[in-house]
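Structure first, then comments.
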Amino acid sequence: MTAQSLSTTIPVVTQAGIRWSVKASFTAYIEKMRDGNITVFDGAIRLDDGSFFFPVQKEAAVQNSGSGTDGGLRFAGAVQFTGHGGMLALILEGLEITGEGDQSILSIADAYSPEGRLPFMTLGERESTSDGHAFVYSSPTLTEEGADLYFENYRPGTEFDALTLSIDPS
Ligand code: HEM
């Protein structure tokens, strides 16, 4: 495996952003491939527990920006998964959370989608952490469009790992 070594950075808990391991069985699948690679760039980092951190892009808040974390937050950074001699190549970048409650969606940048954006996960309801500094979406599920990116290896509705949205404590 050639996956890059994990960041030794202390987990960023005071910075606003998304912390997400995506789907542990998928990262394990990539990492056990001989040519499998997981690369982070443009501000995303990989934490010691294998999860990814995408910092919030405050200046790029989209719709509903007035309501803080309720919707319209965009995140910097990208994670690329590659393997199988280049036949597998998936990039998660331009993450954006829009909508509220069970209508919350995590979308990603996608050049082949209308308006360059693909709805990736239905996030569902979120719960606030006890310290009030984060929200946890405990069971994001894959959209139909997201399932297309996996070439049907995961069906629409497949549950991914819990996603934590940290909010700026200040
Ligand atoms: C040469 C092309 C490919 C081959 C030979 C291949 C082979 C395999 C094999 C053998 C498994 C089962 C692995 C296991 O259970 O440990 C698997 C699972 C999987 N493959 Fe591929 N694959 C290919 C292309 C792709 C592509 C293009 C994608 C798109 C992202 C993909 C996504 C997946 C996913 C999501 C799984 C399930 C991982 C999990 O256990 O959660 N594969 N593939």
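Could you check, for region 3-26, whether at least one of its residues is closer than 16 Å to LEU149 by Cβ, at pLDDT 85 or above and over 17 Å from the mean Cα position of the chain (by Cα)?
No, every residue in region 3-26 fails to be closer than 16 Å to LEU149 by Cβ, at pLDDT 85 or above and over 17 Å from the mean Cα position of the chain (by Cα).
Considering only residues that are touching a strand residue (DSSP E or B) at 6+ places or on another chain (Cβ under 6 Å) and modelled with pLDDT of 90 or more, which ones fall in region 66-87?
LEU73, ARG74, PHE75, ALA76, GLY77, ALA78, VAL79, GLN80, PHE81, THR82, listed by residue number.
Just to be sure I understand, how many residues within region 121-142 are within 15 Å of the ligand (Cβ to nearest atom), without any contact (Cβ under 8 Å) to a residue 40 or more places away in the chain and either buried (at least 20 other Cβ atoms within 10 Å of the Cβ) or over 23 Å from PRO55 (Cα atoms) (or both)? Explain how you work it out, then say what you get.
Step one: of region 121-142, the residues within 15 Å of the ligand (Cβ to nearest atom) are 121, 140-142.
Remaining after also requiring without any contact (Cβ under 8 Å) to a residue 40 or more places away in the chain: 140-142.
From what's left, either buried (at least 20 other Cβ atoms within 10 Å of the Cβ) or over 23 Å from PRO55 (Cα atoms) (or both): 140, 142.
Residues that pass the stated criteria total 2.
Take the conditions within 15 Å of the ligand (Cβ to nearest atom), surrounded by 16 or more Cβ atoms within 10 Å (Cβ to Cβ) and either in contact (Cβ under 8 Å) with a residue 40 or more places away in the chain or part of a loop (DSSP other than H, G, I, E, B) (or both) and apply them to LEU118. Does it pass? Give the steps one after another, and end with the answer.
Values: within 15 Å of the ligand (Cβ to nearest atom): yes; surrounded by 16 or more Cβ atoms within 10 Å (Cβ to Cβ): yes; either in contact (Cβ under 8 Å) with a residue 40 or more places away in the chain or part of a loop (DSSP other than H, G, I, E, B) (or both): no.
The answer is no for LEU118.
Checking the structure you have, find out if any residue of region 34-45 is loosely packed, with under 14 Cβ neighbours inside 10 Å, at pLDDT 95 or above, over 15 Å from the mean Cα position of the chain (by Cα) and within 16 Å of the ligand (Cβ to nearest atom).
Yes.
The values are calculated or read from the model by the stated rules, or taken from the named source; none is laboratory data. Everything numeric in this text was worked out from a predicted model, so none of it was measured. Positions of Cβ are generated from backbone atoms using ideal geometry, with glycine treated the same way; all protein chains shown enter the neighbour counts.
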